[in-house]
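Okay, structure first, notes after.
Rule-based calculations on the coordinates, nothing more; no lab input. Keep in mind that what you see is a predicted model, and the values were worked out from it rather than measured. Cβ placement follows ideal geometry from the backbone for every residue including glycine, while neighbour counts extend to all protein chains displayed.
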Amino acid sequence: MAASLLFVTSTRLGDAVLSTGVLSHCLERLPGARVTIAAGPVAAPIFRRVPGLERVHVMAKRPLGGHWLDLWARSVVRPWTQVVDLRGSALAWLVLAPDRLVLGKGRREEHRIEELGRLVGCGDTPPAPKLWMGPEERGLATRLVPDGAPVLALGPAANWRAKTWRAERFAELASRLTRAGLLKDARVAVFGAAGEEAAVRPVLDSLPVERRIDLVGRIDPLEAAACLARCRLFVGNDSGLMHVAAAVGTPTVGLFGPSPVKHYRPWGRWTEVARTPKGPDELMSDPAWDHRTSGTLMDGLEVDEVERVTRGLLERVEREGGWPISS
């Protein structure tokens, strides 16, 4: 009988992307396994091409924990070779499985990927994120981001406004980067989810029509991954999209202010961070601060600094022979 894996991961896109390295690690140790993945609605699409996938269980939050009860009811009817629960729930102990890996609720003072690596016994060499794409995603990406001039990708949105660098600064950065240097005359692709159109519209409106690629609200996260894989560079706020870009190997600059760089910086060789002079504790020290209503806390991050970090990454990739920046 084929092995079976129940993999419970995050509702948030960024954490789900970071968990894909653990998933890949488990699949290598359970060759040919039949896989069921439980994830939130936003994150679920990134798993649809996982090898051996039987089902993606979308965990839309319901009152009184009904989403957990539904997952348990669907999972308890069969034995599992392994259950991996990155949500730290009781589920793994309520289904039949000889092998359980459950992430505790506490957080270590380390990157999320390092924390996950310790869970699977890979503390020294934690498994890097991995996204699986099919010909449909790659074909769509080829149509949306066709061959031609290099493409600078921008991610001007985030899941809360405090983490969002102002749209006019993204516009100024794009103008500078495409005026001279390794991205001279590059096209600019703007990414964003449905509902974020108004937030990113000033960026789109600042771009010459002939060099603008509008991907806002048009693609799901896995299709975005395929599009990002065709881009020379990604610059964006700390977000799930930032982690998608880094996971597919696109040189990535993450912009940080109120979120912890230590835990959530983009992971990979071709990544850098530009951060506000003040750290999260200082930025969020006002007793009236509320992540649901606060405006941006990113104003301390100047365009000059992001440009410096970005050009430095481009030059390093070019010098060290990474992603083919000059091809």
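Below, the figures for the structure above:
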item: Computed lengthening from residue 316 to residue 109, 0.36 nm per intervening residue step minus Cα-Cα distance; result: 71.7 nm
item: Chain lengthening between residue 172 and residue 149 when straightened (0.36 nm per residue, less Cα-Cα); result: 6.3 nm
item: Among the listed pairs 130/262; 61/278; 130/278; 130/184, those beyond 28 Å (Cα-Cα); result: 61/278; 130/278; 130/184
item: Sum of -39500 (n - 2.57) over DSSP H runs of 4+, divided by residues of the chain (222 nm, nearest 500); result: -9500 deg cm²/dmol
item: Descending principal axes extents, segment 4-119, alpha-carbon based, whole Å; result: 36, 36, 26
item: Candidates per trypsin sites (Lys or Arg not before Pro) in segment 226-313, loop by DSSP, up to 13 other Cβ within 10 Å; result: 269, 292
item: Distance-filtered residues of segment 191-226 - backbone nitrogen under 14 Å, label point 7 angstrom along residue 49 Cα→Cβ; result: 220-226
item: Filtered trypsin sites (Lys or Arg not before Pro), segment 1-85: DSSP coil and at most 12 other beta carbons within 10 Å; result: 61
item: Cα-projected label distance for residue 212 with residue 73, points at 7 Å along beta-carbon direction, nm; result: 4.8 nm
